[in-house]
1. Scan region B:214-223 residue by residue and report those that are in contact with a helix residue (DSSP H, G or I) (Cβ under 8 Å, 6 or more places away or on another chain) and of a type outside the set (S, T, N, Q).
2. Of all the helices (runs of 4 or more DSSP H) wholly in region A:183-286, which have at least 1 residues that are under 15 Å from A:Met127 (Cα atoms)?
3. Taking region A:535-555 as the region of interest, how many residues are surrounded by fewer than 24 Cβ atoms within 10 Å (Cβ to Cβ) and assigned to a helix (DSSP H, G or I)?
4. Taking only region A:399-412 into account, find how many residues are at the interface with chain B (Cβ under 9 Å from one of its Cβ atoms), touching a residue at least 40 places away in the same chain (Cβ under 8 Å) and within 17 Å of A:Leu367 (Cα to Cα).
5. Would you be able to say whether some residue in region A:516-528 is in a loop (DSSP other than H, G, I, E, B), over 23 Å from the mean Cα position of the chain (by Cα) and farther than 29 Å from A:Ile254 by Cα?
6. Considering only residues that are touching a helix residue (DSSP H, G or I) at 6+ places or on another chain (Cβ under 8 Å) and farther than 18 Å from B:Phe267 by Cα, look in region A:458-480 and name the one that is surrounded by the most Cβ atoms within 10 Å (Cβ to Cβ).
7. Taking the residues in region A:319-361 that are hydroxyl-bearing (Ser, Thr, Tyr) and at pLDDT below 85 as candidates, determine which candidate is farthest from A:Leu513 (Cα to Cα).
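The values are calculated or read from the model by the stated rules, or taken from the named source; none is laboratory data. The shown structure was predicted, so the numbers you read here are calculated from the model rather than taken from an experiment. FYI the Cβ positions are ideal-geometry reconstructions off the backbone, even for glycines, and counts take in every protein chain you see.
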Amino acid sequence: MLDLARRPAEAPPTGAALAPVLEVKNLVTAFATRRGPFKAVDDVSFTLAPGKTLCLVGESGSGKSVTARSILQIVDPPGAIESGSILLHRHRTAKGDRAGPAETVDMAALHPRSRAIRAIRGRDIAMIFQEPMSSLSPVHTIGNQIVEAIRLHDHVGKKEAKERAVELLKKVEIPRPEKAIERYPFEYSGGMRQRAMIAMALACTPSVLIADEPTTALDVTTQAEILALIKKLQTDVGMAVLFITHDMGVVAEIADEVAVMRFGKLVEHGDTLTIFERPQHDYTKMLLGAVKALDRPSPRRLQRRETNPPGDPVLEVRDLRKVFGSSSGFLGRNKDYVNAVDGVSLTLRAGENLGIVGESGSGKSTLGRCLMRVYPANGGEIRYIDRKGTVHDIAALPERGLAPVRRDLRMIFQDPFSSLNPRMTVGQIVGEPLLVNGLAQGARLRDRVAELLSLVGMPESAMERYPHAFSGGQRQRIGIARAIALEPKIIIADEATSALDVSLRTQVLELLLDLQERLDLSFIFISHDIAVIRYFCDRIAVMFRGKVVEEGATEAVCTAPQHAYTQALLSAVPHPDPRMRGTRIRHRYTGAG
Amino acid sequence: MTAAVLDPRAHPSADQASQWRLMWWAFRRHKLAMTGLVIVALLYLVALLAEFFAPYDPDAAVARHVYHPPQAVHFFDTAADGSWAFRPHVQGMRLSRDRFTLQTTYAPDPGQKIDVGFFVKGTPYKLWGVIEMERRFFGTVDPTQRAYLIGADRLGRDMLSRVVAGTRISMSIGLVGVGMSLVLGIILGGLSGYYGGWIDATVQRIVEFKLAMPTIPIWLGLSAALPMDWPPMARYFAITVILSLIGWTELARVVRGRFLSLRTEDFVTAARLDGCSERRTIFRHMLPSMVSHIIASVSLAIPGMILAETSLSFLGLGLLPPTISWGVLLKEAQNVRSIAQAPWLFAPGAAVCLAVLALNFLGDGLRDASDPYAQEGR
């Protein structure tokens, strides 16, 4: 009792860092459905420690996002927390200004609309979302939104809040923050918006940051910058980070701990090196296997090329141009226009896979659509050499003359959900090209569709069902069946695997290689994902702002890139090996023309 | 590699469900809309069999029953000895007139009990002007007696019969009017949305011009131009045409918007690349995705038509007596005297409210359910 004056010894910082700030125990979140409750999160437990990053990994539908949303109780109805506890230890936050008595809140017990939980959201726990455009209000300036976030929790004046907002924007490395604060979200690029979101999340120096796929919608070079930024801020402030992602490369890059989820359950949990090098659960092994399989050229393709080298050119593109918004404006003034495709020349040989890689806005998808004449080209020629050796210039053909060419050139779309008509059965969708080209009818059509479905590994019974009955990977197979229905020579695959989970990606790529062997196909494969291109393509063309900046054999370009942009792109790709973390020097290519 | 990851939520019964089945599932969850659907179905049933549902001929006037007040139905009859029996009846009323003020009052006549029942034989009538029938859905057991459940008007005509008869005109004018504007709207909106360019610009300017014109004066002007001596049938069609000439603009915009958003969908591009002709792309691939949206906007447009007809007739410029519509009936309730003496003349107004609300709820439910794929989120 006499020792009251003596202050207790301050806890060593390492000890404080180990004590968890957030504990999730046996969390169950269920959605009431027509067929009874569906447990999206089923008995999940984990802890977050200050200054540490936990990566929650899983494929789509594994319940990782619902877990994150359950913590803040922002699950969309009819979802609700059923049982379990979410303990927030406020006294253990890294802020250090609250050395008061132990203060632990069970957030699962709070009402989702209560004042208590609103005080936690944003102040103790902040969240950033995948789509930065839809999570920022389009009608308020960035500055106003950050100021509002600050003033919601801290009672400060408008002027002070604004000063802090500028400070925050400076922290997230937005250039000229005094000017940027007056701008609206649409004036920001995708990466800038995500930075602004992070600035908003950090407005009240939260002790926990939940990042739900924050870089999925961004290009790899931007992703690398955002990841580095989160890491830096984390070490500055000592936040605990819960990072949700499906990308093992990102996990290897940033995680201290990894938790793997599947069907709402936590299947494996451990530190990063252990998970990557000695995975225990079959699902983790499969996930890592799929990632590692994509980290090299397909052995099957290499083998095939030794016996069947690519033949004569089937498609020659010369100086192709596509300009958007070129119409002359009011009073004949020339408006802004975009050179989406700016003088591209390419050659595709028979039996060859040509990859076109580039970031969003590089014009790679426009190029693919110009080749199919979905968009008319503004200049140049697309020479297609058919089976008989006749040359067609797709760019100059009249609309009526396109039918035979479109029978030989087919397309696979990126989004397996919007590319299949939801109002038609799978049999009707796959049979449509055969029917309208007058190739088969009635029982013959049915047999042919069944044959096509079995070629892509789908059961015959799929014919009677509607697309909504199938998962993304299965839908993409249906799209492939439709593409090969007319026995084409060339298939243009526009981001055909981007919407798929990593384990399905390899399956679809294997399927395409298999079909190439059976049907003598050539592919133009458009993607932003270098790993996929490296696995699948013989040659690669790198696009930047409508131009091809580098072209060559895939391995040569991937191992020894010549152009500065290719170097920047390759350096930004996260590598799925935690031991390689921080071994590469990143640089950004700004492009001088 | 291991087998494909299957979605545990996928359920076999939903796999073969077409869009209509999914829409129905979504619609059924909307309680208010289901109520609306039932009421709308009942209203159209009444409209279809109006002669059968009306207790009396709506034009039969009884001078003794001028402004007869509503009578309540009693189910049990107690005799003088205290015994009782199930015998639905209404209390008869006797008219008396004040000697000095000449004010008429109705007082219950205890001696007179008028038996009522379902499916009774009433005055003969012709269903749809063709089939001779005697049975009526509801009425007095003795066809010479009369019961007024919601009162009588200034000529002693049964209001209930008149409201029922008005249902046919008022509900059908909405349907026919919307049908006509639908044809115009789909053709013009479709052309505008699919082709774009100068066609789109022209159609949109026409639509904007139409929308900029004040509706009520236009209606008034057009219907005032109709010759007063036209037969009721010709007038009815003229009024529907006038209403739909204005109404198509909204539908044209809905259709155009759907075409614009669908035109860029991947599955429409895929249909073009499959070699589908323009016609097939529109009718086989685009229109089926739109039908549900169109139905929803149609069911939201019908109440507007009903209200427009009611207002025109109320102002004396729409349909004219002897045609019976809710608007025509409400015209009778225009003066202060009727409010003071016979508030039951407003009954057609209640019918208008019921129909408009039910159709709006139905339309809301249909609109919410019309995109089952957006709701299912998969």
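1. Scanning region B:214-223 gives B:Ile216, B:Ile218, B:Trp219, B:Leu220, B:Leu222.
2. The helices (runs of 4 or more DSSP H) meeting that bar are A:190-201, A:220-237.
3. So the answer is 2.
4. 3
5. yes
6. A:Ala462
7. Within region A:319-361, the match that is farthest from A:Leu513 (Cα to Cα) is A:Ser328.
Condition check ((1) under 25 Å from B:Arg168 (Cβ atoms); (2) of a type in the set (Lys, Arg); (3) not assigned by TED's automatic domain parsing to the domain that holds B:Val120) across all residues:
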site	(1), (2), (3)
B:Tyr56	yes, no, yes
B:Ala60	yes, no, yes
B:Ala79	no, no, no
B:Gly82	no, no, no
B:His89	no, no, no
B:Gly92	no, no, no
B:Leu95	no, no, no
B:Arg99	no, yes, no
B:Tyr106	no, no, no
